[in-house]
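The block underneath contains the structure these notes are about, expressed in structure tokens.
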């Protein structure tokens with residue numbers, strides 16, 4: 001007899017985990033709606049021609065490919081087969097793959113439905129993605145992404161609103177966060193000034209270590225990475241950049257004065273800060289030059305959210321990109337988006353014990369079952385209580401009292417109703433508060449009023 | 001340049017379709033919660049050892065199989081490869097497949113988590129499934145199922161509650177339905193009386209044609225299917241069964257008097273009818289002997305829901321089964337469940353135009369954007385309106401008025417707010433009702449009160 005299991009890197013979600021996950025998804029969904037974002041969904045399977053080549057060579061390998069149904073060998077010669085080359089084989093035997101992220105399917109969606117979409121298009125999407133990564137702690141082969149993007153608008157108001165959205169979501173969760181912001185154009189400007197365009201990542205990585213290893217070691221690392229002494233010297237004010245966002249911008253303005261791109265980035269940053277300052281943000285907003293996510297992708301603002309009270313990687317990220325749909329033949333579609341990391345947010349909420357009690361509570365009231373007679377008496381009464389919107393169960397069997405009470409305990413049902421011979425005669429319900437142990441004899445109307 | 005498309009039999013869902021689908025899923029979810037059902041989710045990919053052999057030979061062929069990542073050829077000899085046998089190949093090169101339904105993964109879940117589950121376990125699950133069926137109108141390769149099951153309880157109260165759930169869901173949708181009910185034990189009893197256990201399906205199919213082709217032709221068909229004259233003669237009262245549920249049961253009691261199994265089925269049916277009669281069901285409930293879904297699976301009650309005002313197949317179905325988890329080594333787990341057909345319900349709601357307006361409305365209020373100055377003025381005001389819970393957008397660019405109004409039209413936004421020079425000076429907002437065309441000059445507080 002087979003012992004059942006699931007593929008490594010995948011998960012079952014229990015009722016309690018689902019309640020928590022639904023709380024997360026619903027909160028994000030509500031905030032997206034508040035800002036006029038609309039939901040779409042795309043199929044789990046995309047044509048491999050849509051997916052291949054979009055995530056680099058490494059990404060191609062991490063795609064789950066689906067064997068063609070029917071005769072998967074129809075277009076493969078015996079010679080090709082005997083090569084036993086998985087990549088070549090898959091190219092002929094697999095037409096479809098599981099989506100790897102929500103961005104490429106979204107780009108495909110925008111191009112395919114361009115005539116039905118009214119731009120600017122504010123869409124959100126909450127769906128699982130699949131990656132054949134080596135499974136490890138906190139990294140799964142199936143996980144949900146919660147993306148929100150605005151495409152077809154260059155306006156920086158979109159960046160401002162996405163910051164507001166991140167702020168509102170984490171405020172609702174009760175998670176204290178710092179929203180870090182950078183701008184690809186500022187990084188490009190710095191590289192331009194230094195004459196080291198190919199070294200942006202090395203530079204940001206090195207600067208990021210300042211607190212840990214000190215200025216000397218940072219400069220040493222830059223030297224090792226091949227930066228000239230002149231460049232390192234020019235970079236010193238950038239490395240030592242500190243103070244408020246405004247102070248940092250003032251310094252950057254001096255440093256980047258001769259770089260048109262750099263100054264453009266600063267102007268964008270200032271525009272956003274000007275607007276945000278009038279908006280009573282609850283989160284911290286910090287200009288952080290070491291933020292270098294998605295550098296071969298983002299062209300303007302870059303965002304990342306860090307939780308302040310838990311040691312964990314970024315729990316949300318995003319940025320502005322210039323050519324989402326070019327690869328599918330539709331040029332000039334600029335966009336900006338964010339992606340909430342549901343799994344990490346789940347962990348943070350768990351660690352800080354921030355789930356609201358009523359989000360986790362399912363059934364509110366359990367009626368104990370004493371047998372056929374009581375059961376028949378209770379059915380219409382239970383229907384009446386449910387009609388009032390109270391999530392109610394009637395234990396389906398006249399099991400031992402202990403078993404029924406333990407069922408209520410396990411399911412964390414806060415009230416148990418006991419209706420036996422006496423209560424039936426009196427037309428009353430004996431209601432037990434499972435937390436305080438207190439019991440009350442109530443009429444149906446009083447019972448309903450209790451909730 | 002590739003023209004983007006999606007795999008045949010799959011679908012993108014637009015914002016409007018998503019709003020409709022969410023309305024359907026949320027309604028079903030709310031009712032499941034009202035009855036104490038808890039949600040679980042299982043991975044899209046299951047081990048093929050879990051899936052294979054559970055859906056018959058035909059079903060095995062309809063499983064989407066995932067090519068092992070890395071070296072899919074590692075356990076295949078050249079000889080085997082050259083056989084070009086897709087089934088044999090997949091058995092060695094594919095470990096995982098996409099789930100085909102929610103029942104088998106649920107059975108696997110129950111066995112795998114038996115020690116964490118408190119029985120009776122009332123679970124619901126709303127997730128997509130995948131089948132490599134030939135795509136055709138109304139049949140997709142990816143579609144959602146919405147299953148609710150109670151396992152670990154033999155009590156017929158569960159059947160009663162599932163009928164209440166179906167009734168409540170379709171009442172909330174505003175779809176008039178007939179819930180048809182049969183019982184596998186009654187069908188077995190009939191076959192027993194006739195001495196024709198292998199002919200149950202033929203018999204139900206033939207009886208089902210009575211209205212269309214008349215008694216003579218039905219008997220002819222039964223003869224062709226190999227039923228003896230004696231059996232056909234015994235079957236006449238069953239074929240002609242009519243009247244109320246109680247009248248049908250009275251007749252069946254005579255016909256099945258000598259069949260223990262048959263009488264057991266009648267007793268079950270009576271128990272359910274007794275309880276339901278006291279429960280003010282909105283739907284019709286009809287005993288229908290021609291209902292023969294899942295006969296090699298169901299062991300007791302069988303349900304099917306038909307919409308009364310639309311020509312379409314059954315929109316929900318289910319029944320009682322006796323050995324859900326035996327195949328995974330856990331014997332004696334009885335259960336009863338139903339499955340809502342989301343795609344067909346979607347079509348019915350469309351045809352009858354039953355979607356509530358506010359379920360489809362996303363953004364409630366759009367602020368027109370006249371330029372940087374107005375935009376900067378509006379941002380905090382918009383934040384204030386959103387803080388009151390009103391789903392609000394500020395058009396991100398100072399595009400032409402016509403373009404912004406047409407954006408509001410397309411998105412079906414009911415109110416547009418216009419704040420130009422004059423309004424800014426007066427501290428007022430000019431609000432246009434997009435349906436009546438009526439305009440009002442309001443303060444922020446008055447605007448909020450409008451919603």
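The values are calculated or read from the model by the stated rules, or taken from the named source; none is laboratory data. Just so we're clear, the structure is a prediction, and the values are computed from it rather than from any experiment. Methodologically, a virtual Cβ is constructed for each residue, glycine included, from the backbone with ideal geometry; neighbour enumeration extends over all protein chains shown.
One residue stands out among those in the range A:191-212 that are loosely packed, with under 13 Cβ neighbours inside 10 Å and within 35 Å of the chain's Cα centre (by Cα): the one that is nearest to residue A:237 (Cα to Cα), which is A:211. Of the numbered criteria (1) under 17 Å from residue B:160 (Cα atoms); (2) part of a helix (DSSP H, G or I); (3) touching a strand residue (DSSP E or B) at 6+ places or on another chain (Cβ under 8 Å), the one residue B:318 fails is (2).
Just so you know, in the range B:74-87 the residues that are more than 7 Å from every other protein chain (Cβ to nearest Cβ) and part of a loop (DSSP other than H, G, I, E, B) include one that is surrounded by the most Cβ atoms within 10 Å (Cβ to Cβ), and it is B:76. Pairs are defined by a Cβ separation below 6 Å, a sequence spacing of at least 6 or placement on different chains, a first member in the range A:281-299 that is in contact (Cβ under 8 Å) with a residue 40 or more places away in the chain, and a second member that is in a loop (DSSP other than H, G, I, E, B) and surrounded by 15 or more Cβ atoms within 10 Å (Cβ to Cβ); the pairs so defined are A:299/A:322. Filtered by the rule that a residue be crowded, with 16+ Cβ neighbours inside 10 Å and out of contact with any helix residue (DSSP H, G or I) (no Cβ under 6 Å at 6 or more places or on another chain), the range A:252-272 gives A:263, A:268, A:269, A:271. Just to be sure before I move on: is residue B:249 in contact (Cβ under 8 Å) with a residue 12 or more places away in the chain, more than 23 Å from residue B:157 (Cα to Cα), part of a helix (DSSP H, G or I) and under 33 Å from the mean Cα position of the chain (by Cα) in the structure I sent? When the stated conditions are applied, residue B:249 does not pass them. Residues in the range B:122-146 that are more than 9 Å from every other protein chain (Cβ to nearest Cβ) and outside any loop (DSSP other than H, G, I, E, B): 11 in all. In a loop (DSSP other than H, G, I, E, B), on the phi > 0 side of the Ramachandran plot and within 11 Å of chain A (Cβ to nearest Cβ): is that true of residue B:332 in this structure? Spelling it out, it is not the case that residue B:332 is in a loop (DSSP other than H, G, I, E, B), on the phi > 0 side of the Ramachandran plot and within 11 Å of chain A (Cβ to nearest Cβ). Please specify each residue of the range A:92-106 satisfying the condition of being more than 8 Å from every other protein chain (Cβ to nearest Cβ), in contact (Cβ under 8 Å) with a residue 24 or more places away in the chain and part of a helix (DSSP H, G or I). Within the range A:92-106, A:103, A:104, A:105, A:106 qualify. Taking (1) surrounded by fewer than 17 Cβ atoms within 10 Å (Cβ to Cβ); (2) over 25 Å from residue B:238 (Cα atoms); (3) modelled with pLDDT of 90 or more in turn, residue B:332 satisfies each apart from (3). Take the conditions more than 14 Å from every other protein chain (Cβ to nearest Cβ), surrounded by 20 or more Cβ atoms within 10 Å (Cβ to Cβ) and either farther than 21 Å from residue B:170 by Cα or touching a helix residue (DSSP H, G or I) at 6+ places or on another chain (Cβ under 7 Å) (or both) and apply them to residue B:325. Does it pass? Spelling it out, it is not the case that residue B:325 is more than 14 Å from every other protein chain (Cβ to nearest Cβ), surrounded by 20 or more Cβ atoms within 10 Å (Cβ to Cβ) and either farther than 21 Å from residue B:170 by Cα or touching a helix residue (DSSP H, G or I) at 6+ places or on another chain (Cβ under 7 Å) (or both).
Has the range A:57-73 got at least one residue that is under 23 Å from residue A:151 (Cα atoms), within 26 Å of the chain's Cα centre (by Cα) and surrounded by 16 or more Cβ atoms within 10 Å (Cβ to Cβ)? Within the range A:57-73 (the criterion being under 23 Å from residue A:151 (Cα atoms), within 26 Å of the chain's Cα centre (by Cα) and surrounded by 16 or more Cβ atoms within 10 Å (Cβ to Cβ)), the answer is no, since none of the residues qualifies.
Being in contact with a strand residue (DSSP E or B) (Cβ under 8 Å, 6 or more places away or on another chain) and part of a strand (DSSP E or B) narrows it down to one of A:175, A:179, so name that one. None of the other options fit; the residue is A:179. Please verify whether the range B:44-63 includes one or more residues that are at pLDDT 95 or above, at the interface with chain A (Cβ under 7 Å from one of its Cβ atoms) and assigned to a loop (DSSP other than H, G, I, E, B). Yes, the range B:44-63 has at least one match. Among the residues of the range A:1-18, write down those that are at negative phi, in contact (Cβ under 8 Å) with a residue 60 or more places away in the chain and either buried (at least 18 other Cβ atoms within 10 Å of the Cβ) or in a loop (DSSP other than H, G, I, E, B) (or both). Selection gives A:7, A:8, A:10, A:11, A:15. The condition (being away from chain A (no Cβ under 11 Å), under 42 Å from the mean Cα position of the chain (by Cα) and either surrounded by fewer than 20 Cβ atoms within 10 Å (Cβ to Cβ) or at pLDDT 95 or above (or both)) is satisfied by just one residue among B:383, B:408, B:449: B:449. Restrict the check to the range B:109-121 and report whether at least one residue is assigned to a helix (DSSP H, G or I) and more than 7 Å from chain A (Cβ to nearest Cβ). Looking through the range B:109-121, at least one residue is assigned to a helix (DSSP H, G or I) and more than 7 Å from chain A (Cβ to nearest Cβ).
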